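Colleague: I'd like to ask you about the structure that follows.
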């Protein structure tokens, strides 16, 4: 699925950017971007479906050791990196990503 | 983790497709737990966070409806339907026939009844008749003087215009042709509110002689006879030998009062005409004023008519008015039959759809394992319902498309046959409205028969289903389906019996001896120009034509008559018998025709007593008459009519005529009408300028068309001869409406029966598939195959027989409704009822045979193990 065919929206770009900068969990993405969880999760689902991020469950063992449920984490894919670069370029003119980049 | 947050996630997870549900819940609970571990000051309100689960869940749910998923459903549906070819074909065909019939009937109803008349503000147009209460004729033509009084005395009408149908020979340079040219009042076009396409319509001054010799052409005549010449305005033509000028051309689609109108001319408003109160020949069209109700207008009109009753008792005694909307006047008789057919077709379609639902239910039962597997693999209920719905819609679309094709063919065929008998049917078309109707019906039936079984089949008990293919489920609906089959059979029997009675009537009509021999006779109409005023030249002209024709080889006999039998034209007159009081209660009216000596021989009407018309009966000789047997039977109880003297018409000074012969009875109004008393006068003693010619040929009568043209042309080249028809054609044309009605009702009967058969087949197939294990057990215990076969067919007939009985009862009760169209057969004819209901049961048994054979071939071993 080539990235050029899918123009992603501004909030989705924010989410992808957060993941690219190493944020792993959904709620942390919400913290980082300042978006509502109700916006972050659908964005993550969409990015997942596009192949821009991949998700995985942390190991049961770790979770059990820490006596908490396992959490799902997200990572950017190579396709996602390309798509992010394209989207950043598209939104650059607006100068709106600076806040996130500096965060 | 706070309970509220957890509850929100739980709730949201229900919206999520089941195969994603577990992950969804785990992810949200994991995040919420992690959130709870943070230092309190850094914590965002957890409930607000949890609320995000709802949009997330909705997003995941909506992905089920993505284009990709739907395409998948459609592809899967295609595969399933192609695998089940017999089922698919049966369903598509049933739907196509149902939707096709509904669409065809809708397009006809739309053209004839629904679409407004093509005139300005047609709801305010009315037609007005005289209501002759004395003779019980509520829709009698109007006398000119009465019309004048209505026009002057009423206030409710914007216009009250008049026309009378008529025609004559029109010559536009080439060969003269017969043209239908009604004479209309000068405000005729203003009343209808349609502007001309070229030139002008009539103005007031056009009605005053000698300025009345102007014509407005119809689109039809402009096309066929004037080559659509845009320069036609101002052109001079000869109409009935007089010089007329064309002043206008009407647009296509304006054809009033008949489809075949060629032109309109103004009524010459002479003082004589406006005095005529006993001459009834006008049709009156009114436009009711804005703000005046139709009731008020009718009352206004009636009050003027009542005043005339007192002022002119001799002519206007008990003469009132009848006012109907123009729409009703135009479509009148077609309304009720059309609506009845519409109701019948709606019923057929509904039965067809439910029938298909039946079949689908049977299919769904067969597919329960598949559905259970899909449910076990995580398909939620919505997804399964959607899948079945997609299949339903796909079938409905296929049925709809095929149905539109069927409708198109049917409508074109119907319009071609019915054009002369159903008003406005020539406007019928499969247009946007009709296509929208077909699409709506298709979607409606698709959803109906897709959704119901889908809901029933999508709630399988997965475990039990997978374990053993449960036996008892979905049995609730069986009772309903049995009732449905019974209803179908009742409806089918009613229609089949109706069709049988109508067909039998048609057969009876065909067997009636009409009193004349139609075969080998060619007829034509002759129209003399107006300069033939005196009797002598008219007689001379016809003598010459008949002499020339008789001399031709291949001509056996020639005659002329004013009105041919079955042609729809007939004159009547008052009969007075010398020295005999009129029998009490008998109507004094008898039919009368004028005929030449050869007429009886040409049509082979037998002379029973005395003689027919002879060559010696001319203007100078004794006035004579020939009467038919019915007249003798009714007015001469002793049977002796020859030598008696009669007088025709109300004029007491008219000469007495001596009866010189009695001829056989002729069904002049068609074989399905009774014979009326009738008198024939010698053509030379009662001269008419326009006569109809009948020629009996040795061989093919159509070969004589040229001979007749030549003979007329040689006698006088300015005379118009037209309307060449064989006598067989005339009879055929008369029978056409009856044949049409027969075809329509037979089509419906066949449809209804087919639906009933599909219905019983479906239900029985279902029952058999349900009972396979039971049948297996019974066969294992020694039941014979023939026994199973017999029993299964018996099961089917147990549904068909009550249906047939109910249908017989309904048919007997409703038969009075159709008695008017029956001929020579009782509406409760036991033979028709017996034979046809037995026939229905036989085909029902055949429809049961297929599932029954399947039942009898059940292999006990596999059946029990399954």
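The values are calculated or read from the model by the stated rules, or taken from the named source; none is laboratory data. Note that the structure is a prediction, hence the values are computed from the model and not measured. Counting neighbours? That spans all protein chains shown, and the Cβs are built from the backbone with ideal geometry, glycine included.
Colleague: If a residue must be in contact (Cβ under 8 Å) with a residue 60 or more places away in the chain, crowded, with 16+ Cβ neighbours inside 10 Å, over 34 Å from the mean Cα position of the chain (by Cα) and over 30 Å from residue B:220 (Cα atoms), how many such residues does segment B:148-182 contain?
Modeller: Summing the residues that are in contact (Cβ under 8 Å) with a residue 60 or more places away in the chain, crowded, with 16+ Cβ neighbours inside 10 Å, over 34 Å from the mean Cα position of the chain (by Cα) and over 30 Å from residue B:220 (Cα atoms) in segment B:148-182 gives 5.
Colleague: Kindly provide the set of residues from segment B:299-310 that are touching a helix residue (DSSP H, G or I) at 6+ places or on another chain (Cβ under 9 Å) and either over 14 Å from residue B:148 (Cα atoms) or modelled with pLDDT of 95 or more (or both), ordered by number.
Modeller: B:300, B:303, B:309, B:310 - these are the residues of segment B:299-310 that are touching a helix residue (DSSP H, G or I) at 6+ places or on another chain (Cβ under 9 Å) and either over 14 Å from residue B:148 (Cα atoms) or modelled with pLDDT of 95 or more (or both).
Colleague: Of all residues in segment B:277-301, count the ones that are over 31 Å from the mean Cα position of the chain (by Cα) and part of a helix (DSSP H, G or I).
Modeller: 5
Colleague: Here is a list: B:46, B:55. Which entry is farther than 21 Å from residue B:376 by Cα, assigned by TED's automatic domain parsing to the domain that holds residue B:10 and either within 58 Å of the chain's Cα centre (by Cα) or modelled with pLDDT of 80 or more (or both)?
Modeller: Exactly one residue qualifies, and that residue is B:55.
Colleague: Kindly list the number of the only condition in (1) more than 24 Å from residue B:36 (Cβ to Cβ); (2) under 12 Å from the mean Cα position of the chain (by Cα); (3) in a helix (DSSP H, G or I) that fails for residue A:39.
Modeller: That leaves (1) as the condition not met.
Colleague: With the structure loaded, tell me whether residue B:304 is over 18 Å from residue B:137 (Cβ atoms) and under 28 Å from the mean Cα position of the chain (by Cα) or whether it fails that test.
Modeller: For residue B:304, the condition - over 18 Å from residue B:137 (Cβ atoms) and under 28 Å from the mean Cα position of the chain (by Cα) - is not met.
Colleague: If you take the residues of segment B:836-857 that are over 33 Å from the mean Cα position of the chain (by Cα) and buried (at least 23 other Cβ atoms within 10 Å of the Cβ), which of them is farthest from residue B:808 (Cα to Cα)?
Modeller: The extreme case among them is B:855.
Colleague: If the requirement is being in contact with a helix residue (DSSP H, G or I) (Cβ under 8 Å, 6 or more places away or on another chain), closer than 30 Å to residue B:618 by Cβ and either at pLDDT below 85 or not in a loop (DSSP other than H, G, I, E, B) (or both), which of these qualifies: B:545, B:493, B:566?
Modeller: B:545
Colleague: The conditions are (1) more than 10 Å from chain A (Cβ to nearest Cβ); (2) touching a helix residue (DSSP H, G or I) at 6+ places or on another chain (Cβ under 9 Å); (3) modelled with pLDDT under 80, and residue B:61 fails exactly one of them. Which is it?
Modeller: Looking at each condition in turn, residue B:61 falls short on (3).
Colleague: So if I check each of B:179, B:111, B:174, B:145, which one is in a helix (DSSP H, G or I) and modelled with pLDDT under 90?
Modeller: Just a single option satisfies the conditions, and that option is B:111.
Colleague: Filter segment B:66-92 down to the residues that are without any contact (Cβ under 8 Å) to a residue 24 or more places away in the chain and either more than 14 Å from chain A (Cβ to nearest Cβ) or crowded, with 17+ Cβ neighbours inside 10 Å (or both) and list them by number.
Modeller: Within segment B:66-92, B:71, B:72, B:75, B:79, B:82, B:83, B:85, B:86, B:89 meet the criteria.
Condition check ((1) more than 9 Å from chain B (Cβ to nearest Cβ); (2) without any contact (Cβ under 8 Å) to a residue 60 or more places away in the chain; (3) touching a strand residue (DSSP E or B) at 6+ places or on another chain (Cβ under 7 Å)) across all residues:
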position: A:19; (1), (2), (3): yes, no, yes
position: A:34; (1), (2), (3): yes, yes, no
position: A:57; (1), (2), (3): no, yes, yes
position: A:60; (1), (2), (3): yes, yes, no
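Colleague: Which residue pairs have Cβ atoms closer than 6 Å, lie 6 or more positions apart in sequence or on different chains, and pair a first residue in segment B:308-326 that is without any contact (Cβ under 8 Å) to a residue 12 or more places away in the chain with a second residue that is part of a helix (DSSP H, G or I) and surrounded by 12 or more Cβ atoms within 10 Å (Cβ to Cβ)?
Modeller: B:309/B:316
Colleague: If residue B:615 passes every condition in (1) within 30 Å of residue B:169 (Cβ to Cβ); (2) outside any strand (DSSP E or B); (3) under 43 Å from the mean Cα position of the chain (by Cα) but one, which one does it miss?
Modeller: Going through (1) within 30 Å of residue B:169 (Cβ to Cβ); (2) outside any strand (DSSP E or B); (3) under 43 Å from the mean Cα position of the chain (by Cα) one by one, residue B:615 breaks only (3).
Colleague: Counting just the residues of segment B:322-336 that are in contact with a helix residue (DSSP H, G or I) (Cβ under 8 Å, 6 or more places away or on another chain) and at pLDDT below 75, which one comes out surrounded by the fewest Cβ atoms within 10 Å (Cβ to Cβ)?
Modeller: Per the stated criteria, the residue is B:335.
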